[in-house]
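Working notes, beginning with the structure itself.
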Amino acid sequence: MKNLLNTVVLLSLLISCTKIPVIPIADHTFGGGVYILNEGNFRGGNGTVSFYSYDSTKIFNDLFFNINGRHLGDVPNSMIIYSDKAYILVNNSGKIEVVDQATLVSKATITGLNSPRNMRIINDNKAYVTSLYSDSVTIINLSSNLISGYINLRRSSESIVVSGLNAYVSSWMGGKEVMVINTLNDRVIDSIEVGAEPESMVMDVNRRIWVLCNGGWARQNVAELDVIYPGTNHVEKKFAFPTLQNSPTSLAIDGAGLTLYYLDKGVFQLNVNSVDLAYSPLIPESNAYFYKIAINPINSDIIVTDAVDFVQQGYVLFYKNNGKFVSKDKAGIIPGAMCFKLIY
């Protein structure tokens, strides 16, 4: 009996001294929230995924590694959710990680891409992926998770919006065009001249496409916000920013398609029926470096990432839709693009 008791005590001590990894799957998947892609240091391979849970009001960091036992890669740039899967585009690693949209458990890895930036679903079997350094849009077969073809643009590509049977693709780096692709035959059918370096696009309630053109990194051109009418593929109107020092980025829109948001040393808000730009921010950039913005499609609450100094861990800032500050949480290094996981 004494020997048995000693054995039980010894086993208890061994178990208590053994570190058992705790994977926060049950916590982070309960209810709705927002995924945050932390870019990490360029060529550092230390990009991560965070998740802010609306139910627990907690943030969970480094989820991809904790759940899958391997690092995400070098500079995750964007993420979209489609059905039960999520697609994480890892720019400098040239790949797309396909994961379960609720648990982040890996399902597949799509490789062989050249600097993937953004992705849009065309139908259940097909998606388009833009590229910073390639002159083509890549076609992905969603059934096999393989590259099925390319659409030659003869220029780089960045943002992408789908309207009806057409996909509108902006040529950002050194570009000034939005290319129009027929999604039935995967052919370029038109190009639309816009302002310099169109870096982000959204579609409003009237199906008009808004294109934020930041004017170029050297500030050689005035930034513009251009409006394309898909019925004619013409620029319907242009809003010119007042000075060369204006450098707007990260255009977003609310769930109703009525209010635009963008960053320019603060958060600016603009109704889609406005006749002029807003000249004072809804949320000033105070003691922070506003990097990316996302708008909750249900209640229009505002989320902004703060990249701090682009070296240390950054923050995610939460605001009500009227601009009132709510909370601040520490994320990973260079918190960037966000993707909502919502329970309707």
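The values are calculated or read from the model by the stated rules, or taken from the named source; none is laboratory data. None of the values given here were measured: they were computed from a predicted structure. For neighbour counting, all protein chains shown are included, and Cβ atoms are generated from backbone atoms with ideal geometry for every residue, glycine included.
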Can you say whether Ile67 is outside any strand (DSSP E or B) and surrounded by 16 or more Cβ atoms within 10 Å (Cβ to Cβ), as far as the supplied structure shows?
yes
Only one of (1) over 25 Å from Ser171 (Cβ atoms); (2) surrounded by fewer than 18 Cβ atoms within 10 Å (Cβ to Cβ); (3) in contact with a Gly (Cβ under 9 Å, 6 or more places away or on another chain); (4) hydrophobic (A, V, I, L, M, F, W, C) is not met by Val105, so which one is it?
(3)
Cβ-Cβ under 9 Å pairs, at least 6 apart or on other chains, region 112-137 side at positive phi, far side part of a strand (DSSP E or B)
Gly112/Lys95; Gly112/Thr138; Gly112/Leu146; Gly112/Ile147; Ser115/Asn77; Ser115/Ser131
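Answer yes or no: is there a residue in region 271-289 that is in contact (Cβ under 8 Å) with a residue 60 or more places away in the chain and under 26 Å from Asp204 (Cα atoms). Before the answer, list the steps.
Residues of region 271-289 in contact (Cβ under 8 Å) with a residue 60 or more places away in the chain: 272.
Remaining after also requiring under 26 Å from Asp204 (Cα atoms): 272.
Scanning region 271-289 turns up at least one residue that is in contact (Cβ under 8 Å) with a residue 60 or more places away in the chain and under 26 Å from Asp204 (Cα atoms).
Can you name every residue in region 216-232 that is among the aliphatic types (A, V, I, L, M) and part of a strand (DSSP E or B)?
Quick first cut of region 216-232, residues among the aliphatic types (A, V, I, L, M) only: 218, 222-223, 225, 227-228.
Across region 216-232, the qualifying residues are Leu225, Val227, Ile228.
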Within the bounds of region 52-59, is there any residue that is surrounded by 21 or more Cβ atoms within 10 Å (Cβ to Cβ) and closer than 22 Å to Ala108 by Cα?
no
Scanning region 194-241 residue by residue, those of a type in the set (Val, Ile, Thr) and either touching a helix residue (DSSP H, G or I) at 6+ places or on another chain (Cβ under 8 Å) or buried (at least 17 other Cβ atoms within 10 Å of the Cβ) (or both) turn out to be Val194, Val202, Ile209, Val211, Val222, Val227, Ile228, Val235
So Phe268 ticks every box in (1) surrounded by fewer than 19 Cβ atoms within 10 Å (Cβ to Cβ); (2) more than 28 Å from Leu165 (Cα to Cα); (3) in contact with a Pro (Cβ under 9 Å, 6 or more places away or on another chain); (4) at pLDDT 95 or above but one. Which box is left unticked?
(1)
Filter pass, Ile122 being under 26 Å from Ala252 (Cβ atoms) and either in contact with a strand residue (DSSP E or B) (Cβ under 8 Å, 6 or more places away or on another chain) or surrounded by 16 or more Cβ atoms within 10 Å (Cβ to Cβ) (or both):
yes
Region 123-132, subset within 18 Å of the chain's Cα centre (by Cα) and assigned to a strand (DSSP E or B), residue farthest from Pro230 (Cα to Cα):
Ser131
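Let's see how each residue does on (1) in contact (Cβ under 8 Å) with a residue 40 or more places away in the chain; (2) under 27 Å from Ser280 (Cβ atoms); (3) among the β-branched types (Val, Ile, Thr):
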site: Ile189; (1), (2), (3): no, no, yes
site: Trp217; (1), (2), (3): no, yes, no
site: Asn221; (1), (2), (3): no, yes, no
site: Val227; (1), (2), (3): no, yes, yes
site: Asn246; (1), (2), (3): no, yes, no
site: Thr249; (1), (2), (3): yes, yes, yes
If Val326 passes every condition in (1) closer than 17 Å to Ile36 by Cα; (2) out of contact with any Pro (no Cβ under 9 Å at 6 or more places or on another chain) but one, which one does it miss?
(1)
